[in-house]
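Below is one structure, written out as structure tokens; the observations come after it.
The values are calculated or read from the model by the stated rules, or taken from the named source; none is laboratory data. Since we're looking at a predicted model, the values are computed, not measured. Virtual Cβ from ideal backbone geometry, glycine too; neighbours counted across all protein chains shown. When the accessible area is computed, the model is the full protein with side chains, heavy atoms only, and any ligands, DNA or RNA have been set aside. Shrake-Rupley method; radii C 1.70, N 1.55, O 1.52, S 1.80 Å.
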Amino acid sequence: QNERAEGRSRGLLCLDLLKVIDPLRAIDILRREKASDYKPFSLLFANSKEAYVAYNAGERVECVRLNKGVHVLGNDSIYGGSSGKVDFANNLFEDARRQIAEGVMDPSFFKRLNTSPNTLKKSDPIVFFCLLPSINFNKHT
């Protein structure tokens, strides 16, 4: 882990970026930051047209544009890694996509959101951040 004796709060960096409307402006700000001034982070930022994830690597903050689709971010998944959590979440989202396409959401799906895959300890948290702008949950069948 990247331990820093002195540095800037990641929360302050988030507050700075909340003032910015354009993701390209956010990238400009992030690329001027010294990545080692912060504990490790992954930061998702977007507008209605594009989305990015930023993370600190060495002395630089790297920014990666996300293509349209489902993205599951884990500790190493930004760099192409995989883990039990990432695989579990990908399976959940694929199941949700299939159910939405069929027009019916099985209520048991939402119970699965609060369970960990068998490969993880029960104390390991799984955090989901979902952006679903085109789904109408008011439709009942």
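Tabulated data
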quantity	calculated
Some residue of the range 18-36 being touching a Gly at 6+ places or on another chain (Cβ under 7 Å) and either of a type in the set (Lys, Arg) or surrounded by 17 or more Cβ atoms within 10 Å (Cβ to Cβ) (or both)	yes
So residue 87, is it modelled with pLDDT of 85 or more and surrounded by 11 or more Cβ atoms within 10 Å (Cβ to Cβ)	no
Top-ranked residue in the range 49-63 [being over 16 Å from residue 29 (Cβ atoms) and free of Cβ contacts under 8 Å to residues at least 24 places away in the same chain; ranked as surrounded by the most Cβ atoms within 10 Å (Cβ to Cβ)]	57
Candidate set: the range 101-112, residues that are open to solvent by 50 Å² or more (accessible area, probe 1.4 Å) and modelled with pLDDT of 80 or more; chosen: the one nearest to residue 69 (Cα to Cα)	101
Extreme residue, most open to solvent (accessible area, probe 1.4 Å), among residues of the range 64-84 that are at pLDDT below 85 and not in a loop (DSSP other than H, G, I, E, B)	79
